[in-house]
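A short worksheet on the structure shown next.
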Amino acid sequence: MTTPPGPKGLPILGSLQAFNRERLGFLLEMAREYGDVVHYRLLNYAVYQLNHPDYVQAVLVEQAGAVEKNDLDKAIFNQSLGHGILSSEGEFHRAQRRLMQPAFHSKRIEAYGQVMTDYTERMLTRWAEGQTLDVHHAMTHLTMQIVSKTLYDADVGDEADGIGAAIDVLNRIGGEEFQQGYVLPQWIPTAKNRQIKRAVRQLDGLMMPIIEQRRSSGEDKGDLLSMLLISQDEDTGGRMTDRQVRDEAVTLFVAGHETTSNLLAWTWYLLAQHPTIEAQLHAELDSVLKGRTPTMRDLGTLQFTDWVIKEALRLYPPAWILNGRKPKQAIDVGGYTIPAGSLIFMSPYVLQRDPRYFDDAETFQPQRWADGLEKRIPRYAYFPFGGGPRVCIGNQFALMEARLVLATIAQRYRLALSGSAVVEPDALITLRPKNGIMMRVMAREKAEQPASSEPVVA
């Protein structure tokens, strides 16, 4: 079949320079200029960018068995997180998911709600009217404490900043390796490899004592760590080795706080620029909660709060690209044959800004989710957590945490952008705000009904 349309690119480099110069803008330009299937080259990689929900579904669901993680992604994750759920394949991956899935069952997740609000309120005791803070750093510190307590019954406390700095190093270097298209072997004594090793030692220094103590005590606390240590695969009867436990524990610790902290930081950024929407959120919180701490039972009633989170996820999905798939054999998608070994790019950032599915797609409009929008658009027009057999295992955990944290903070404070704040996305392994988001803490009183034609949901 004919090759899909796309830019010719430069000799040797292909479109690498344009992609690295502004990744998000490049992906959007490819979709808008060339359509639903785009072909270009990044060095020696042939890339097929899919910009239609049906084609994303074809790869993630219908032909999931015909694709696998690409070698570059696996190498980036393996050097820091180990052979965990993000990089494993085939039956090993399926077995690991089966062992971990019970920790993310809806009933178990409900029990985590109290921890989420307790840690949020503990953080708020250190906030003060007029204080200026980096909200991304604050949300990272908070979500790190929440995930360590809920999944491992550990309190990272004063270690959070050091661990956060180590994860920053791994995120930055991983983004650079993705940009350059290769990963040097760890035995080569480069400055980056030394940084990676130091960061991994910090992560192991946090996680390994927790694992060893739990293993020696034999105590079953009913959390993820206990499940990793004592669960048996129902098909094979096998249990995880200590190395497997470490790799999965570190993977879920990093992924479990990183995505939610980014989502919350972008949510505060968006709310600060849209006072009418912020007022609607406050009105709902005051009407439903009346000053008390939110609980899991409130989430079904806090509808506008849910829409705010969904809309922030639409505009700034932490997993901005699913670039890790390559066909094991040639597959047909959208009328084209994608050869074995090619890279397949699927971007939530691109599809979730597509005007075919979202009116005024570049604007922040939480009310667009009213009247069941999610059921009216194609399934993979909105896929911030991926899909198919590799869909994010902690997606419900992350959504519950984001809503509870947002509701707890927004009852007491507004966050206004600092006059010196320059905010821009940084598309690394996840979509972070480059250099953080400096915001001013402002105490608030009970919300007034906003003077707006937009509906107030209470």
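The values are calculated or read from the model by the stated rules, or taken from the named source; none is laboratory data. Since the structure is predicted, the reported quantities are computational estimates derived from the model, not experimental observations. As a convention, Cβ positions derive from the backbone with ideal geometry for all residues, glycine included, and neighbour counts pool all protein chains shown. The area values use the complete protein model at the heavy-atom level, side chains included, leaving out ligands, DNA and RNA. Shrake-Rupley method; radii C 1.70, N 1.55, O 1.52, S 1.80 Å.
Summary table
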| item | result |
| --- | --- |
| Which listed residue, of 250, 254, is open to solvent by 10 Å² or more (accessible area, probe 1.4 Å) and closer than 25 Å to residue 141 by Cβ | 254 |
| Conditions (1) open to solvent by 40 Å² or more (accessible area, probe 1.4 Å); (2) over 26 Å from residue 194 (Cβ atoms); (3) not β-branched (Val, Ile, Thr); number of the one not met by residue 78 | (2) |
| Pairs with Cβ under 6 Å, 6+ apart, first in the stretch 24-44 and of a type in the set (Ser, Thr, Tyr), second outside any strand (DSSP E or B) and open to solvent by less than 20 Å² (accessible area, probe 1.4 Å) | 40/15 |
| Filter result for the condition that a residue is buried (at least 19 other Cβ atoms within 10 Å of the Cβ) and modelled with pLDDT under 95, over 325, 314 | 325 |
| Tally, over the stretch 88-145, of residues that are among the charged types (D, E, K, R) and closer than 30 Å to residue 422 by Cβ | 3 |
| In the stretch 100-152, the residues that are among the β-branched types (Val, Ile, Thr), out of contact with any Gly (no Cβ under 6 Å at 6 or more places or on another chain), buried (at least 17 other Cβ atoms within 10 Å of the Cβ) and closer than 29 Å to residue 440 by Cβ | 115, 117, 120, 135, 143, 146 |
| Close pairs (7 angstrom Cβ cut-off, 6 or more residues apart or separate chains): aromatic (Phe, Trp, Tyr) in the stretch 405-429, open to solvent by 40 Å² or more (accessible area, probe 1.4 Å) anywhere | 413/442; 413/443 |
| Total residues in the stretch 5-37, condition hydroxyl-bearing (Ser, Thr, Tyr) and either touching a Cys at 6+ places or on another chain (Cβ under 8 Å) or assigned to a helix (DSSP H, G or I) (or both) | 1 |
| Filter result (open to solvent by less than 20 Å² (accessible area, probe 1.4 Å) and either over 18 Å from residue 243 (Cα atoms) or not in a helix (DSSP H, G or I) (or both)) within the stretch 211-226 | 223 |
| Enumeration of residues in the stretch 410-427 that are open to solvent by less than 30 Å² (accessible area, probe 1.4 Å) and either under 23 Å from the mean Cα position of the chain (by Cα) or charged (D, E, K, R) (or both) | 410, 415, 427 |
| Sole exception among (1) in contact with a helix residue (DSSP H, G or I) (Cβ under 8 Å, 6 or more places away or on another chain); (2) open to solvent by less than 20 Å² (accessible area, probe 1.4 Å); (3) in contact (Cβ under 8 Å) with a residue 40 or more places away in the chain; (4) on the phi < 0 side of the Ramachandran plot for residue 66, by number | (1) |
| Pairs, first closer than 19 Å to residue 141 by Cβ in the stretch 102-126, second among the charged types (D, E, K, R) and assigned to a helix (DSSP H, G or I), C-beta under 6 Å, six or more apart | 115/149; 116/401 |
| Among (1) part of a helix (DSSP H, G or I); (2) open to solvent by 40 Å² or more (accessible area, probe 1.4 Å) - the single one residue 392 does not satisfy | (1) |
| Meets criteria (β-branched (Val, Ile, Thr) and either at pLDDT below 85 or touching a helix residue (DSSP H, G or I) at 6+ places or on another chain (Cβ under 8 Å) (or both)) for residue 143 | yes |
| Per-region count, the stretch 67-91, residues modelled with pLDDT of 85 or more and closer than 17 Å to residue 47 by Cα | 3 |
| Count of residues meeting criterion [within 20 Å of residue 57 (Cα to Cα) and either of a type in the set (Gly, Ala, Ser) or not in a helix (DSSP H, G or I) (or both)] in the stretch 307-334 | 18 |
| Odd one out for residue 350 among (1) assigned to a loop (DSSP other than H, G, I, E, B); (2) among the hydrophobic types (A, V, I, L, M, F, W, C); (3) in contact with a Leu (Cβ under 6 Å, 6 or more places away or on another chain) | (1) |
| Top-ranked residue of the stretch 44-83 - restricted to ones that are touching a Phe, Trp or Tyr at 6+ places or on another chain (Cβ under 6 Å) and part of a helix (DSSP H, G or I), ranked as farthest from residue 7 (Cα to Cα) | 57 |
| Yes/no for residue 86 being farther than 17 Å from residue 333 by Cβ, of a type outside the set (Gly, Ala, Ser) and not in a helix (DSSP H, G or I) | yes |
| Of all residues in the stretch 263-275 being among the aliphatic types (A, V, I, L, M) and under 16 Å from residue 402 (Cβ atoms), the one that is surrounded by the fewest Cβ atoms within 10 Å (Cβ to Cβ) | 270 |
| Hits in the stretch 276-297 (condition: open to solvent by 20 Å² or more (accessible area, probe 1.4 Å) and either touching a residue at least 24 places away in the same chain (Cβ under 8 Å) or not in a helix (DSSP H, G or I) (or both)) | 276, 279, 287, 288, 290, 291, 292, 293, 295, 296 |
